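**Student:** Input: one structure, supplied below.
The values are calculated or read from the model by the stated rules, or taken from the named source; none is laboratory data. Remember, it's a predicted structure, so these values are computed and weren't measured experimentally. Reconstructed Cβ throughout: ideal geometry from the backbone, glycine too, with neighbour counts over all protein chains shown. Note: areas computed on protein heavy atoms with side chains; ligands, DNA, RNA excluded. Shrake-Rupley method; radii C 1.70, N 1.55, O 1.52, S 1.80 Å.
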Amino acid sequence: MPLLCHLLSLDLSGSIDKIIAEYIWIGGNGREIRSKARTLPGPVSDLGEIPTWNFDGTSTGQASKHGGEVILRPQEIFKDPFRRGNNILVLCDTYGPEGDPLPSNKRFHAAEVFSHPAVVAEEPWFGIEQEYTLLQKDHHWPLGWPTGGYPSPQGPYYCGVGANKAFGRDISDTHYKASLYAGVNICGTNAEVMPGQWEFQIGPTVGISASDELWVARYILERITEAAGVILSLDAKPIQGDWNGAGAHTNFSTKSMRTEGGIKEIKRAIEKLALKHKDHICGYGDGNEKRLTGFHETAHIDTFSWGVANRNASIRISRDTEKAGKGYFEDRRPASSMDPYLVTSMIAETSILWNSSSEPNGSKG
């Protein structure tokens, strides 16, 4: 094992020009992350220097047996915190042999939304709060919980300190540092309400970058939990009963919302979100019906609501935003497993581009 650790930490940059590029993409179910590595002739600084690649889509649920090749197109570059040196992570999206985006490629439509002139002009900012649960590998039970049993009720665990309150801090802190090294705009982390559950935050980041960075942060977290022998769960309600679920609260603002009088724009966007509530819920992640019950800091899945400093509402406006008369709002509906490309593009599209008067009866929802 010491030899293995020594070889894993080898820095190739001092001896050869070649680098390793880890290509990352989203699998066929829209939730899992896949990756594979290739050697490039030297350090790169531009996407144009990274070749497209392909993989067997029949093994990832992204192609039929008769047309198995799927094309990987590089979209973003990040530093590799595992191999370090000049090695890189390459975030890709997926296309069929004829060049059409795959159904699982939600980035393609998101890129169209965020490149729309009206959206670009509004400089949409996102901050995404990714909650996750750490599970014991052998028992699929939350980290720190007695096997087959339950810890003390919720209360002391949120932002808790101590061996009997915080389970998995080493994983959270390692992920925090590795994400910063990679170039991910991670802005914080904390222990969550349910023991064994944590959160990290991405942003504020403009447009599609928030989703790119969240996916890479998820990849880094998967790699760290893999090394630690712990299972990463993005289940919206990993433990039934009187325990908090796991969400991905998404904070959003536009230039109009951030300027004087922006509270009017915030309320106008919320009115649109209310009309499209059902559409958004359908795209906000699996298992949300178990999480959005009206309890445990959630609104009920069938009811749209908003309020100032109200964590039991669908949309929360902070007290600071209300006081300043400008700022942002928080969409508390997305589940922890949501596809950020889908969620962020839906929020931007509804808030900025959608005109309710163009819909029959004013609404599709």
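**Student:** Show the residue pairs meeting these rules: Cβ distance below 9 Å; 6+ apart or different chains; first residue within region 71-89 and open to solvent by 10 Å² or more (accessible area, probe 1.4 Å); second residue assigned to a strand (DSSP E or B) and hydroxyl-bearing (Ser, Thr, Tyr).
**Tutor:** Sorted first by the residue in region 71-89, then by its partner, the pairs are ILE71/THR94; ILE71/TYR95; ARG73/THR94; ARG73/TYR95; PRO74/TYR23.
**Student:** Then there's this: If you take the residues in region 113-146 that are assigned to a helix (DSSP H, G or I) and either among the hydrophobic types (A, V, I, L, M, F, W, C) or out of contact with any helix residue (DSSP H, G or I) (no Cβ under 8 Å at 6 or more places or on another chain) (or both), which one is surrounded by the fewest Cβ atoms within 10 Å (Cβ to Cβ)?
**Tutor:** My answer is PRO117.
Results for (1) of a type in the set (Lys, Arg); (2) at negative phi, shown as yes or no for each residue.
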{"residue": "GLY287", "(1), (2)": "no, no"}
{"residue": "GLU297", "(1), (2)": "no, no"}
{"residue": "ARG311", "(1), (2)": "yes, yes"}
{"residue": "TYR341", "(1), (2)": "no, yes"}
{"residue": "MET346", "(1), (2)": "no, yes"}
{"residue": "SER351", "(1), (2)": "no, yes"}
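**Student:** Mind listing just one residue for me: the one in region 59-70 that is open to solvent by less than 60 Å² (accessible area, probe 1.4 Å) and out of contact with any Ser or Thr (no Cβ under 7 Å at 6 or more places or on another chain) and, of those, farthest from GLY28 (Cα to Cα)?
**Tutor:** Step by step, filter region 59-70, then rank; the result is GLY67.
**Student:** Anything in region 257-294 that is under 18 Å from TRP125 (Cβ atoms) and in a loop (DSSP other than H, G, I, E, B)? List them, or say none.
**Tutor:** Across region 257-294, the qualifying residues are THR259, GLU260, GLY261.
**Student:** Need the failing condition index for ALA110 against (1) small (Gly, Ala, Ser); (2) open to solvent by 20 Å² or more (accessible area, probe 1.4 Å); (3) assigned to a helix (DSSP H, G or I), just the number.
**Tutor:** So the condition that ALA110 fails would be (2).
**Student:** Here is a list: GLY183, GLY149. Which entry is free of Cβ contacts under 8 Å to residues at least 40 places away in the same chain, more than 30 Å from THR58 (Cβ to Cβ) and open to solvent by less than 60 Å² (accessible area, probe 1.4 Å)?
**Tutor:** Selected residue: GLY149, the only one of GLY183, GLY149 that is free of Cβ contacts under 8 Å to residues at least 40 places away in the same chain, more than 30 Å from THR58 (Cβ to Cβ) and open to solvent by less than 60 Å² (accessible area, probe 1.4 Å).
**Student:** Within region 152-172, take every residue that is over 18 Å from the mean Cα position of the chain (by Cα) and under 30 Å from ILE77 (Cα atoms) and give me the one that is least open to solvent (accessible area, probe 1.4 Å).
**Tutor:** Going through the qualifying residues, I end up with GLY168.
**Student:** Something else now. Tally the residues that are open to solvent by 70 Å² or more (accessible area, probe 1.4 Å), under 20 Å from the mean Cα position of the chain (by Cα) and among the aromatic types (Phe, Trp, Tyr), restricting the search to region 283-338.
**Tutor:** Summing the residues that are open to solvent by 70 Å² or more (accessible area, probe 1.4 Å), under 20 Å from the mean Cα position of the chain (by Cα) and among the aromatic types (Phe, Trp, Tyr) in region 283-338 gives 1.
**Student:** Name every residue in region 255-282 that is open to solvent by 30 Å² or more (accessible area, probe 1.4 Å) and farther than 29 Å from GLY325 by Cβ, in order of residue number.
**Tutor:** LYS278, ASP279, CYS282
**Student:** Picking from ARG291, ARG332, ARG258, which residue would you name as being closer than 19 Å to SER211 by Cα and charged (D, E, K, R)?
**Tutor:** On inspection, the qualifying residue turns out to be ARG332.
**Student:** What do you reckon, is ILE50 out of contact with any Phe, Trp or Tyr (no Cβ under 6 Å at 6 or more places or on another chain) and touching a residue at least 40 places away in the same chain (Cβ under 8 Å)?
**Tutor:** It is true that ILE50 is out of contact with any Phe, Trp or Tyr (no Cβ under 6 Å at 6 or more places or on another chain) and touching a residue at least 40 places away in the same chain (Cβ under 8 Å).
**Student:** Would you be able to tell me the number of residues in region 34-58 that are open to solvent by less than 40 Å² (accessible area, probe 1.4 Å), closer than 24 Å to PRO101 by Cβ and in contact with a helix residue (DSSP H, G or I) (Cβ under 9 Å, 6 or more places away or on another chain)?
**Tutor:** 0
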